[in-house]
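Reading through the structure tokens given below for one structure.
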Amino acid sequence: MDFALSPLALALRDRLLAFMDRYLLPYNAAWHAAVAAGDYPPPFVEDLKALAREEGLWNLFLPTLREDEPGTRLNNLDYAPLAEAMGRLPWAAEVFNCQAPDTGNIELLHRFATPAQRTRWLVPLLHGQMRSAFAMSEPDVASSDPTNLQTTVRREGDDLVLSGRKWFITGAAHPHCQLLIVLCRNADADSEDGHHRHSMVLVPVNTPGVQIVRNIPVLHHHAPEGHCEILLRSVRVPADHLLGDWGAGFAMAQARLGPGRVHHCMRSIGQCELALRLATERALERTAFGKPLAEQANVQEWLAESRIEIDQARLLVLHAAWLLDQGDAVDARSVRAQVAAIKLVAARLQQRVVDRAMQVFGAMGMSPDTPLAAFWTWGRALRLMDGPDEVHLRTVARHELAQARAGLGASAAYFTTPEQLRAPPHLSA
Ligand SMILES: Cc1cc2nc3c(=O)[nH]c(=O)nc-3n(C[C@H](O)[C@H](O)[C@H](O)COP(=O)(O)OP(=O)(O)OC[C@H]3O[C@@H](n4cnc5c(N)ncnc54)[C@H](O)[C@@H]3O)c2cc1C
């Protein structure tokens, strides 16, 4: 296991950071002003995308890209520091065509799309010409357990017909969003096996019967790309819009999540690094009761704890990225548990580190003048999106229990019971 960045990743990270300093940060205020004025995405984003692509900073996330597909083919470990850099500016990822949820959707299409589906959906996504959303969660069932999902899909002649209601669907309000990947329950499912009765269907957003009901604010934050409630009222698409096999939706949804979680976690770590740096500089500059805040023991403790926790989390995430890069050479169940662990650790980290930074900033930390309030909100949401903390804890615990069950009794050699003390074994010559 070697976590040193490869020369290619190092070079790309330096170029990415230089690009962000030179082209994105000067536009940050303009981006917020445009969005506040309802001009989303701001027109200059397309120019920045073209520039990023010219510079080779495009589709940095997908190791399995084909020769004829645009991008860098970095593995997960090499991409991780780039995601961290992008995380510092929440709108940056789109400029490099590395934004969620399109990255996960691109991975899905890359693995499962037919040639016709590739041409219609994957190619425009890889070229940044459209956006997409992944529609799984529903208001009427506990969606942390996807076997509950109730939106139905039924086969009718050459068509598939979908009915149901989804919510918190990220990206669906983006004006360029043309595709919903909808996870549905098969109307003909006779199996009680919840893991084989769902399918994924590709639904063009403009299909009759698709209604974006509202863009739901998250803790008062109104995301321009949206976390939308969507009504599907007898939505009819051709049967060739099925993605993958009938009944394979659950397994495909699981497959979608690994690399995407590494990306989310590294972006979180980027936001935590920035929050810590902002807090540290503020503590050096701000004086109360005759000395800089940086000289207060509690402030020093917050800064130190944040530094240690960020570094711990980064190592854990890089380890997960490395495991994902090993493919079949490592036990898939261990990787799953590790990916669940990083999702939990990064979301909690973001809340703690950003909360401390807000406290150092005093009232200003509550305002929109720093990125901290938005980072905290996002950290809180991360504890639910892509599965709540408790589900990830369950995954880690079940893996731990399975391992112990497989070797039950092996640790008894470490006991020192009264019986063993009375009759210790003698070393044989
Ligand atoms: C900002 C944001 C963006 C999102 N984007 C998307 C998106 O793009 N697409 C999409 O499909 N969904 C999206 N979601 C929805 C998200 O995936 C769900 O909210 C999440 O899976 C939890 O489902 P639920 O809200 O139905 O909670 P429920 O399933 O009702 O769970 C409620 C609570 O029950 C507890 N719980 C659940 N299971 C267990 C367990 N096994 N053990 C112990 N406690 C448990 C947890 O505390 C959990 O928080 C998004 C959510 C947010 C907040």
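For the chain, the alpha carbon convex hull comes to 214 Å³ per residue, rounded to a whole number.
Cα gyration tensor of segment 131-243, axes a ≥ b ≥ c as square roots of the eigenvalues: rounded (a/c below 1.5), prolate (a/b > b/c) or oblate?
oblate
Charge dipole (Cα centre; +1 on Lys/Arg Cβ, -1 on Asp/Glu Cβ; no other charges) of the chain amounts to roughly 500 debye.
Using helices alone, what [θ] at 222 nm do you get for the chain, with -39,500 (n - 2.57) per DSSP H run of 4 or more residues, divided over all residues and rounded to the nearest 500?
Working: 13 runs with 194 residues, N = 429.
Computed ellipticity for the chain at 222 nm equals -15000 deg cm²/dmol.
Give me the extension gain from residue 367 to residue 147: residue separation times 0.36 nm, minus the current Cα-Cα distance, reported in nm with one decimal. Each step should come with its number before you reach the end.
Values: separation 220, 0.36 × 220 = 79.20 nm, distance 4.04 nm.
Taking 0.36 nm per residue and subtracting the Cα distance, the gain is 75.2 nm.
If you run the Gaussian network model on the chain, springs between alpha carbon atoms under 10 Å, then out of 119, 377, 417 the most flexible one is 417.
State the extension gain, in nm to one decimal, for the chain segment bounded by residue 14 and residue 402, taking 0.36 nm per residue of separation less the distance between their alpha-carbons. Can you show the working numbers first?
Working: separation 388, 0.36 × 388 = 139.68 nm, distance 4.28 nm.
Additional length available on full extension: 135.4 nm.
Think of the chain as a dipole: +1 on every Lys or Arg Cβ, -1 on every Asp or Glu Cβ, centred on the Cα centre; then among 391, 254, 134, 391 lies furthest on the positive end. Under the simplified labelling scheme, the residue 187-residue 233 pair shows an inter-label distance of 1.7 nm, with each label point 7 Å from Cα along Cα→Cβ. When 49, 291, 166 are sorted by how many other C-beta atoms sit within 10 angstrom of their C-beta, beginning with the fewest, the order is 291, 49, 166. Helices that extend 27 Å or more along their long axis by alpha-carbon positions and average at least -1.0 on the Kyte-Doolittle scale are, among the DSSP H runs of the chain, 249-285, 297-325, 332-361.
In this rough spin-label picture, where each label sits 7 Å from Cα along the Cβ direction, the residue 329-residue 211 distance is 5.4 nm.
Computed from the Cβ-Cβ distance with R0 of 41 Å, the FRET efficiency linking residue 251 to residue 281 stands at 0.30.
Here, each number is a calculation from the coordinates, and none is a lab measurement. The model shown is predicted, which means the values in this text are computed figures rather than measured ones. For neighbour counting, all protein chains shown are included, and Cβ atoms are generated from backbone atoms with ideal geometry for every residue, glycine included.
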